[in-house]
Every structure is written in C-alpha cells, then in structure tokens.
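To start, the structure under review is shown below, and the notes come after it.
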Amino acid sequence: MSALDSNALVAVIGAGAMGAGIAQVAAQAGHPVKLYDNRPGAAAQAITGIDRQLGRLVEKGKLQGAAREAISARLQPVEAIEGLADARLVIEAIVENLQVKQDLLRQLEGLCGSDCILASNTSSLSITSLAAGLQRPQQVVGMHFFNPAPLMALVEIVSGLASDPAIAALLYETAKAWGKKPVHARSTPGFIVNRVARPFYAESLRLLQEGAADCATLDALLRDAGGFRMGAFELTDLIGHDVNYAVTCSVFEAFYGDFRFQPSLVQKELVDAGRLGRKSGQGFYRYADDAERPAAAELHSQAHAETCVVEGQLGVMQPLLQRLRDSGVGITERAGTGLIRVGDATLALSDGRLASERARDDGLRNLVLLDLALDYQAASRIAISWSADTSAEARDQAVALLQRAGLKVTGIADLPGLVVLRTVAMLANEAADAVLQGVGSGADIDLAMCAGVNYPRGPLAWAEQIGVGYTLKVLDHLQRSYGESRYRPSLLLRRSQAEGATLLTGSSPV
C-alpha cells in the first residue's frame, strides 16, 4: 500500500494547537492544506502562527528560508466548510464531544467526494461510534497525533468496527511519509497509549497514598533509576490534573469499572481544590517564582564496604557486579539463589513481596531489597526497603556498598515491589493485555510507548529483559499482597511463560 499522493489536498478542521500542528505537518510533507475553524479568522491566525514557528526554525538553521516560503504557500485558510469539498483527506481536531464530532462527520460525508477519507484526531472517543450512522462508515479512521504534532513522532492509526483495512493501511503509509512513526490500533478505550500508560500514574499515586515516600522522592526514582524523563507527579502537573484525571475516569468507566484503571482519590482532591498543576501554579509541586523544588530523600552511611559475596546469578541485576568491581569492591562468587551479602546484610532484587514477608518465608536475616533499574551500570539512584528485623548496622552496610558503587540510595517504606519494579511490571501487564485483546501488536505497542510518551524502553521488551517469568512472579506477589484484581497478571504473560514465547511477536489487528 502506498501513501497518499503528496499532491492530494488535505483539509484540517480545528485551528487550535493540535489542528494547526497537524496542518503544519501535512504542509511540510508537500501537501496543499486547507485549514478551517468555525471561529471567524481563527484559521488565518493559526497559519500566521505556523509561519512564525517556521521562521524560528530558519533562525536556528533547521530550515531553509525557501522551504519556509513553500510550506506557508501550501497553507490556505478557509472561512466556510464548503471550501473543503475537494479534499482527499479530512482530519478533524475539534472538541472531544461525540455528538459534535458525529454531526461534523455527517456533514462532511454529504459535502466531500465518495473517495474522501474522514480521519478523527480523537484521543479517547470510539471510532466505531463516530462512524455509526454514516453512509460510508468504512471511510472513517482514527489518526491520533500527539501534542505538539510537529515534534512528536507517534501517530495512532485507529480502526473502528467498519473501517476499511486498506484505508487504515494507506493512512499508516501516509503518516510514515510525513516523517512520523505510525502504529495500528483497534478502537478500544484509550487506544494504545492512553490505556497502557495508566499504571505509570496509578502506581506512583498509590505509593504516595500508602506513605512509601514523598512526591519528589518517587519522581526521582522513576527518573534516576527507571530512566523515565519525568516522574509521575511532575508529568501530571505538566499535563494538568483535570485532563489526566478525566482520561483515567473515562478509561475506568469505559472498562465497566475495572479496578486496573481505578482513579486516585489523591488526584481527585487536587482537581477538587483547583490545584491543576503548572497551569494553575500549584499541583503536587508549587510553580511560583519563589518556589523551591523539594529534594529527594537520601540515605547516607559512614560504614565501609570493601568486599561482598555474591551467591548465584543476579538476573537483571548482574551488571551491578561490574560497577562494584570498577569501584574497587572485592567480590567473591559462589553458588546460591541470587543474593549479595555484605557484612551482616543480605541484599536481593525485589520479587514483589514485602521485605518482612520474604525474610520470614525464605529465612533471610537482615534482608534489604533493591528496586529495579533500567541500567544498573548507568543509574544514579536506587531504592531500597528492608525487613522489620533488619538491624540499623546491617542496613548501613548495604547502603555503604551501594554508595561505594556511586549510587544515591533512597529508602522507602516496606511496600510490595518498591517503585520502579512494580511500575514496570504493571505497564508490561497492561501492554500484554492489550496484545491479548487485539488492540495492537506487541511491536506496535512498545513503539507507541517509546515514541508517544518517551518511555526509555517498551514495556514488553522490558518484561523480557527482566524475564517474563520474573515479571509474572512480581505480579502474582502484588496480587496476593493486596488481594485485588487490579494486579491480576495478564493471561498472555502466563501463556508466554508456559510456551517460552516472546511477547513481541504478535500480528497487527488490521
């Protein structure tokens, strides 16, 4: 399937930030573009703004002046919707209201040619519902860009029940031709990104509510150990709590109250108080000019750690050994079950159990659990928790060893799965369920999370790096600890573990 011809007219409806961004992307790809908004003068004003943005690129040396002029010349404001009748592709980027969008699509169907493709930039509404009642529902496909559209690589190509697979394939190739990274998705609540991303926010919110640590500490762990660009609290402050909370509620309701998507009372309180984040000046953090960003909590030890004993293979934590060797720690290796012993302390990667529970069940004294890190050789911080009977001296010895490796050490309350590990396990679990339910292929889901929300690694690839069996064990332990369906492991994880199959081999649903 080839892309839409670059000479084909693209119409964009809605001259807000998203519509203007989409118009810019299409024009930069060589298409003549008509921009329409029902607010008088809004389309012309948006095109002026696009030209201004292009001018900044010229000033930075990222665009030639002649190219700027050519792109701007391809953009035409339209004051009446009838001016879009000759469009080959119409992309609507108007208010997120089902009835309003349905009315618009019905009007466009009567106005445009029979071969015109009608695409919706909706981030949450059902493509199936949008197309219902139209004469040609097969012509309606979702084309979900991410804000800001000229910069963000991902485009979700969303197929409803009636969408023509050939049209979805054409839009996929068109998005590629526009320099984007498209993925196919089936029209289910949240599509890929807004569904799979829910645990990233939900687990931090729950950890905060349960007293694991404060916002700054939890955010720092996701950044400095997990490799995420932002922690959940600073990211929701940036998005806006009204928006983020509304999306969570929408997904929760669309899945008939499935507790995997349960909204947070902590976030609801912020919304009720009008503390919406950066745009209101306060959310989890304050954004006044004189506001100081709180520092993450950190443990310090004056103990000395010159040697340690490693018993067995450490799994995903194995790279930590080289880091310890490079820091001058003497390491003795012997058979065992994946433990590090330093002084009186026993260190182990969390498996989703409480430290006190694991110490009791496995007969481990002075147990200190380590959190997951994206890269144990490059991480700058690590979280630990410890069992109730771990002595202060043993804990200090564990901290000293990790400090010797150049890690900042943050202690959190003894909660199952710590911070990064439980977040990644839940992201992988949701991604696996999305594959199982035919929302998208494993490869497309991982691409969507990396290109759409800048995850450092796709959730499914991360689960395979940790080990599908280990990820499954963490989820089983979380579910047992909480006794909630929220943490139930996806059947795909169990099947992949049983079959020894990869999570990333799955065909696209369209």
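For the reader, a short list of remarks on this structure follows.
- Flag for GLU333 being charged (D, E, K, R), outside any helix (DSSP H, G or I), assigned by TED's automatic domain parsing to the domain that holds ARG365 and surrounded by fewer than 17 Cβ atoms within 10 Å (Cβ to Cβ): yes
- Per-region count, segment 73-114, residues in a strand (DSSP E or B) and closer than 12 Å to LEU9 by Cα: 5
- Boolean, GLY283 is crowded, with 17+ Cβ neighbours inside 10 Å, small (Gly, Ala, Ser) and either within 25 Å of the chain's Cα centre (by Cα) or under 28 Å from TYR482 (Cβ atoms) (or both): yes
- Odd one out for LYS181 among (1) crowded, with 24+ Cβ neighbours inside 10 Å; (2) assigned by TED's automatic domain parsing to the domain that holds GLU92: (1)
- Residue in segment 49-57 that is outside any helix (DSSP H, G or I), out of contact with any Lys or Arg (no Cβ under 8 Å at 6 or more places or on another chain) and in the same structural domain as LEU151 (by TED's automatic domain parsing) present: no
- Taking residues in segment 346-361 that are on the phi < 0 side of the Ramachandran plot and without any contact (Cβ under 8 Å) to a residue 40 or more places away in the chain, and partners anywhere that are charged (D, E, K, R) and not in a loop (DSSP other than H, G, I, E, B), the pairs with Cβ atoms closer than 8 Å and at least 6 places apart or on different chains are ALA348/ARG358.
- Taken together, the residues in segment 115-148 that are assigned to a loop (DSSP other than H, G, I, E, B) and either closer than 20 Å to ALA85 by Cα or small (Gly, Ala, Ser) (or both) amount to 11.
- For segment 232-280, the helices (runs of 4 or more DSSP H) that sit wholly inside it and include 3 or more residues that are surrounded by fewer than 18 Cβ atoms within 10 Å (Cβ to Cβ) are 241-254, 265-273.
- Among the residues of segment 52-100, those identified as over 31 Å from the mean Cα position of the chain (by Cα), within 30 Å of ALA132 (Cα to Cα) and not acidic (Asp, Glu) are PRO77, VAL78, ALA80, ILE81, GLY83, LEU84, ALA85, ALA87, ARG88.
Each row is one residue, and each column tells you yes or no for (1) of a type in the set (Val, Ile, Thr); (2) surrounded by 14 or more Cβ atoms within 10 Å (Cβ to Cβ).
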{"position": "MET1", "(1), (2)": "no, no"}
{"position": "ARG39", "(1), (2)": "no, no"}
{"position": "ALA42", "(1), (2)": "no, yes"}
{"position": "LEU54", "(1), (2)": "no, yes"}
{"position": "ILE71", "(1), (2)": "yes, yes"}
{"position": "VAL78", "(1), (2)": "yes, yes"}
{"position": "ALA87", "(1), (2)": "no, yes"}
{"position": "ALA93", "(1), (2)": "no, yes"}
{"position": "VAL100", "(1), (2)": "yes, no"}
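The values are calculated or read from the model by the stated rules, or taken from the named source; none is laboratory data. All values derive from a computational prediction rather than experimental measurement. When we count neighbours, we look across all protein chains shown, and the Cβ atoms used for this are built from the backbone with ideal geometry, even at glycine.
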